[in-house]
1. Just to be sure I understand the model, the point goes 7 Å from the Cα along the line to the Cβ. What's the resulting residue 94 to residue 20 distance in nm?
2. What is the fewest-to-most order of 107, 154 by other Cβ atoms lying within 10 Å of their Cβ?
3. Quick one: grab the alpha carbon gyration tensor of region 103-161, order the square roots of its eigenvalues as a ≥ b ≥ c, and give me rounded if a/c is under 1.5, else prolate or oblate depending on whether a/b is larger than b/c.
4. Using only the alpha-carbon atoms, how far is helix 18-34 inclined from the longest principal axis of the chain? Give it as 0 to 90 degrees, nearest 10.
5. Normalised by the number of residues in region 2-160, what is the relative contact order in percent for Cα pairs under 8 Å and 6+ residues apart?
6. If you stretched the chain out fully between residue 140 and residue 51, how much longer would it get, using 0.36 nm times the residue separation minus the C-alpha to C-alpha distance?
7. Pairing the Cα long axis of helix 145-160 with the longest principal axis of the chain, what angle in degrees results, from 0 to 90 and rounded to the nearest 10?
8. Just 151, 43, 106 to compare: in a GNM of the chain, with alpha carbon springs under 10 Å, which one fluctuates most?
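Read-outs: derived from the displayed coordinates by stated rules, not from any lab. These figures come from a predicted structure and were not determined experimentally. We place every Cβ from the backbone using ideal geometry, glycine too, and count neighbours over all the protein chains shown.
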Ligand SMILES: C[S@@+](CC[C@H](N)C(=O)[O-])C[C@H]1O[C@@H](n2cnc3c(N)ncnc32)[C@H](O)[C@@H]1O
């Protein structure tokens with residue numbers, strides 16, 4: 001199983017325009033499908049209940065990241081976060097050196113507005129996974145989560161194709 005978790009959160013500009021909401025979900029689902037993702041999971045922090053409308057990819061919604069992680073206790077978890085947002089005391093690897101798990105893996109991308117907030121997640125969850133930073137050509141740049149998903153899944157594909 002190849003899974004991706006993203007956050008569906010308080011993007012007010014997005015919520016005011018239903019077309020934009022659909023478009024933004026399509027960034028996730030179409031890009032995920034292109035990399036063979038089986039399962040797209042959204043953390044619906046504001047109870048917006050996003051609709052996927054695509055039968056070619058499994059779609060699940062949870063209210064919190066903890067609930068989603070509890071649903072997949074045996075998956076290999078990869079947290080993506082830029083190094084400046086990784087709290088002190090939590091170790092991370094750079095994507096360049098990272099060996100992607102071969103199967104049963106879920107990649108987690110943080111909110112475009114507030115990141116992954118690893119400091120709020122219980123250590124027991126963090127310790128079960130690996131935190132990965134993507135070194136960028138321009139320091140202190142934090143591309144959107146959907147862009148990072150493409151970079152990370154392409155890197156995975158290069159390793160396992
Ligand atoms: C737009 S960023 C979040 C920016 C957030 N406002 C902050 O300042 O931390 C959205 C998500 O993309 C992913 N991301 C962005 N840049 C990354 C990087 N250099 N390495 C790994 N993940 C990254 C992370 O999952 C991050 O939570």
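1. Distance between label points: 3.6 nm.
2. Details: 107 26, 154 11.
Starting with the residue having the fewest Cβ neighbours, the order is 154, 107.
3. Working: a/c = 2.01, a/b = 1.11, b/c = 1.81.
Judged from the Cα gyration tensor, region 103-161 comes out oblate (a/c at least 1.5, b/c at or above a/b).
4. The helix 18-34 is inclined about 40 degrees to the chain.
5. Details: 232 pairs, mean separation 44.6, N = 159.
Worked out over region 2-160, it gives 28 percent.
6. 28.7 nm
7. With rounding to tens, the tilt is 50 degrees.
8. Top of the fluctuation ranking is 151.
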